[in-house]
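Step one of this worksheet: look at the structure below.
Each reported figure results from applying straightforward, stated rules to the coordinates on display, with no laboratory input. These figures come from a predicted structure and were not determined experimentally. Here the Cβ positions follow ideal geometry from the backbone for every residue, glycine too, while neighbour counts run over all protein chains shown.
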Amino acid sequence: MNDLQVNDYRYGFSKPENYVFKAKRGLNRSVVEQISSIKSEPGWMREFRLRALEIFEKKKMPKWGADLSTINFDDIFYYIKPTENQKKSWEDLPKDIRDTYDAIGIPEAERKFLAGVTAQYESEAVYHSFQKQWEDKGVIFCDMDTGLRKYPDIVKSYLGRSIPPADNKFAALNSAVWSGGSFIYVPPGISVDIPLQAYFRINAANMGQFERTLIIVDEGAYVHYVEGCTAPVYTTDSLHAAVVEIFVKKGARCRYTTIQNWSSNVYNLVTKRAFVEEDGIMEWVDGNIGSKITMKYPSCYLVGRGARGEILSLALANSGQHQDAGGKLMFLAPETSGEIISKSVSVNGGRTSYRGLVKAIKGAKGVKCNVRCDALILDEQSRSDTYPTMKVDEKDVTMGHEATVGRINAEQLFYLMSRGFSETEATSLIVNGFIEPIVKEIPFEYAVELNRLIQLNMEGSIG
Amino acid sequence: MLRISNLRSSVEGSSFTKASAVTKVLADRSEGRKEILKGIDLQVKRSEIHVLMGPNGSGKSTLAQVIAGVPLFKVQSSKFKFMEKDLGKFTPDKRAKMGIFLAFQHPVEIPGVSVFNVLRKAKVVTGNKKPRTRISSVRGKPVYSGLVAPDLGRAKELRQELVGYLSSLKLSEDFLSRSLNEGFSGGEKKRSEILQMMALRPKLVILDEIDSGLDVDGLKIVAQAIKKFATENPKSSILLITHYARILKYLKPDFVHIMMDGKIIKSGKASLAQKIEKEGYERTRNVLEQRPIKDAPRSN
């Protein structure tokens with residue numbers, strides 16, 4: 001166990017590329033038009049993409065966060081379509097794709113959860129199964145391209161409404177070249193009590209993945225969506241710029257769980273936002289283990305009275321990684337409430353940053369908000385920073401903020417070692433304990449996977 | 001089993017790994033203390049129960065920690081062996097794997113790590129249970145369990161075993177789900193240490209003031225659990241460190257040692273403990289050193 005290398009990426013295998021279509025490297029108007037035409041999209045979507053491309057070209061790179069200066073937009077493939085059509089069953093999938101899934105264990109995950117799996121292989125969802133019972137209740141769960149084809153009116157009225165292309169450079173990029181992602185609609189009063197999940201995966205070197213996810217949880221409904229990501233290792237950098245838009249209607253509740261484990265050369269720049277109406281609840285559970293750089297701040301716009309937003313953020317930064325994560329709570333109506341809990345671990349020279357924004361507008365009376373961020377730094381080379389911002393324009397609010405930065409406690413280490421654990425194992429246990437308040441919110445199979453990833457990250461990291 | 005002669009120890013700190021924070025922190029805490037153990041001779045054979053008594057600051061806990069391997073202490077000895085192996089060479093985890101278990105006087109809190117989780121993994125690493133390798137297969141490919149992989153069948157088995165121990169400690173099953181030592185009462189901390197001892201079945205158990213801070217009922221529960229352990233694990237040895245003879249109402253030691261000022265000043269049979277309880281440590285020492293008996297304060 002001890003001879004494992006740090007950053008020995010478990011899923012770092014790469015299958016031979018076997019694609020039906022691959023757009024040229026780089027981005028311009030004709031690439032965008034080509035993507036839209038291959039997908040036979042309606043005119044309004046083509047216009048949406050082209051408008052977004054113009055915005056993307058005008059927008060400057062964000063300089064306020066992690067270092068993004070090494071991204072070369074001309075060196076990226078913006079669209080790859082792996083197989084002709086969506087396949088209905090496992091056996092219909094090409095063998096190398098099945099092998100890839102076997103290796104990352106998705107069939108096992110699928111067996112354990114009875115709900116359907118939308119597995120995204122490259123830009124297109126190729127494997128999609130969904131339990132009939134939900135379909136009968138009117139729940140829609142499909143990839144975004146299918147969503148656009150089959151439910152153009154819903155998509156048109158929501159797409160870009162919470163995250164317009166002009167929101168930031170990467171949202172604009174995604175709007176121009178998006179492909180795949182999940183589309184979920186839950187009708188009023190329906191509670192989907194088994195998590196819906198999708199596996200995302202990048203398999204072509206230099207390929208950007210720009211999935212777009214849209215979730216609408218209608219009045220009084222409930223859904224839990226789980227997104228887990230793994231990617232193989234490449235010699236050149238990959239870009240992942242996703243956009244996730246969620247609409248939580250009156251009295252509805254949505255939970256969105258992510259465990260992001262991109263390989264250590266991926267730029268993971270994701271915009272996630274939920275609009276929460278009266279008495280609705282939005283919960284983001286966001287785990288960031290992999291990638292070279294992650295910038296991700298799931299946000300809740302609490303627009304209706306009594307709406308609640310919760311953001312649980314977990315970050316682990318190993319050598320060469322910078323996890324710039326956190327969350328955003330916007331209190332835009334009275335009696336709204338929210339909480340951000342952030343736990344970060346940096347090791348082997350890794351860097352974590354907590355970046356959070358809490359804003360309450362004038363008139364948002366009775367707002368209650370609590371922010372807690374804890375950082376654990378495992379060695380002298382590692383680093384952690386906290387950038388909390390609070391903008392409160394209303395007097396009648398309750399705001400709490402707590403932050404701690406700590407190191408592994410020597411007494412804890414000795415205690416566990418005296419029970420037979422090596423220093424590395426003891427450290428992993430303490431780290432697992434530190435992040436437990438967030439891990440306990442993650443579905444069991446994913447939590448196990450997460451603990452395993454932490455263990456791998458700790459090995460060889462001490463001494 | 002345990003053979004120690006002329007063991008001396010002072011706080012200076014040799015670390016078990018280069019970058020370890022353990023040494024630094026613990027050394028800072030004990031700043032100002034120099035030589036604590038000044039030539040200890042002790043032999044604990046298989047199946048024996050030894051009691052080590054002495055006043056505060058006599059070095060009892062230091063001896064326990066030196067045997068368990070706290071890296072903060074610099075150790076010199078002419079002999080320091082466990083099962084014929086030179087203990088000084090081994091880190092605390094290796095010593096635990098060899099079968100040494102220290103029940104801490106003040107167990108530290110480990111937030112977020114459940115009692116069950118620690119015991120499940122500790123049983124694997126100490127070789128109490130062999131790690132089961134293949135747990136299932138996915139499409140013909142085996143899936144192996146790592147240290148953290150769930151193994152539901154075995155977890156259930158372990159839970160049943162632990163429930164038995166819990167009932168003898170008068171603890172309920174949900175104790176297993178609590179974070180280790182976090183928010184435990186004094187009595188719960190002691191019982192948690194005993195629970196770990198029972199689960200790990202060590203060859204040598206060092207109980208560092210397991211009886212302190214317990215009320216009469218708590219003491220009885222803990223003492224009876226130790227007795228049960230000794231009966232069920234007849235090959236294991238126990239080194240019990242205490243101020244008081246009261247726990248000896250339940251446990252019959254083979255040997256009693258009196259420790260003062262870093263040395264074992266007298267060893268004897270169980271009756272020695274009674275004598276100490278009656279006469280106090282100072283008086284005993286004065287008698288041994290043939291000093292005139294003053295009105296020495298009784299240790300209680």
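Highest first, please rank the peptides B:203-211, A:56-64, B:277-285 by the mean number of other Cβ atoms sitting within 10 Å of their residues.
Values: B:203-211: 24.0, A:56-64: 12.3, B:277-285: 17.8.
So the peptides B:203-211, A:56-64, B:277-285, ranked by packing, come out B:203-211, B:277-285, A:56-64.
When Cβ neighbours within 10 Å are restricted to other protein chains, what is their mean count per residue of peptide B:113-121? The partial results should precede the final answer.
Numbers: counts 9, 2, 0, 0, 5, 6, 1, 0, 7.
Mean number of neighbouring Cβ atoms from other chains: 3.
For B:177-184, what's the mean count of beta carbons from other chains sitting within 10 Å of each residue's beta carbon?
Values: counts 0, 0, 2, 6, 2, 1, 0, 0.
That average works out to 1.
Taking the Cα of B:Asn6, stepping 7 Å toward and past its beta carbon, and measuring to each backbone N in segment B:65-101: which are under 19 Å?
B:74-82, B:86-89
At B:Ser267 and A:Arg46, where each label point lies 7 Å from the Cα along Cα→Cβ, what is the point-to-point distance in nanometres?
Here the modelled spin labels are 9.5 nm apart.
So how do A:139-146, A:29-36, B:229-236 stack up, highest first, on mean other-Cβ count within 10 Å? If you can, show how the numbers build up before the last one.
Details: A:139-146: 22.2, A:29-36: 17.1, B:229-236: 13.9.
Averaged packing, sorted descending, gives the order A:139-146, A:29-36, B:229-236.
Projected onto the charge dipole of segment B:187-265 (+1 at Lys/Arg Cβ, -1 at Asp/Glu Cβ, origin at the Cα centre), which of B:Leu214, B:Thr242, B:Gln196 gives the Cα projection farthest towards the positive end?
After comparing all options, I get B:Gln196.
Which whole number gives the average count of other chain Cβ atoms within 10 Å of the Cβ atoms across peptide B:93-100?
On the way: counts 12, 3, 3, 6, 4, 1, 1, 2.
Taking all residues of B:93-100 together, the mean is 4.
Taking H as built 1.01 Å from N, whose amide H comes closer than 5 Å to the amide H of A:Ser238, not counting residues under 5 places away?
Under 5 Å from the amide H of A:Ser238: A:Val266, A:Tyr267.
Give a residue-ordered list of calculated ³J(HN,Hα) values for segment A:296-310 (Karplus: 6.51 cos²θ - 1.76 cosθ + 1.60, θ = phi - 60°; whole Hz; x for Gly, Pro).
Along segment A:296-310, the couplings run 7, 9, x, 10, 10, 9, 8, 9, x, 3, x, 5, 10, x, 10 Hz.
Take each of the peptides A:162-171, B:77-86, A:238-247, average the number of other beta-carbon atoms within 10 Å over its residues, and list them starting from the highest. Could the numbers behind the result be given before it?
Details: A:162-171: 20.9, B:77-86: 14.8, A:238-247: 25.0.
Per-residue mean Cβ counts within 10 Å order the peptides as A:238-247, A:162-171, B:77-86.
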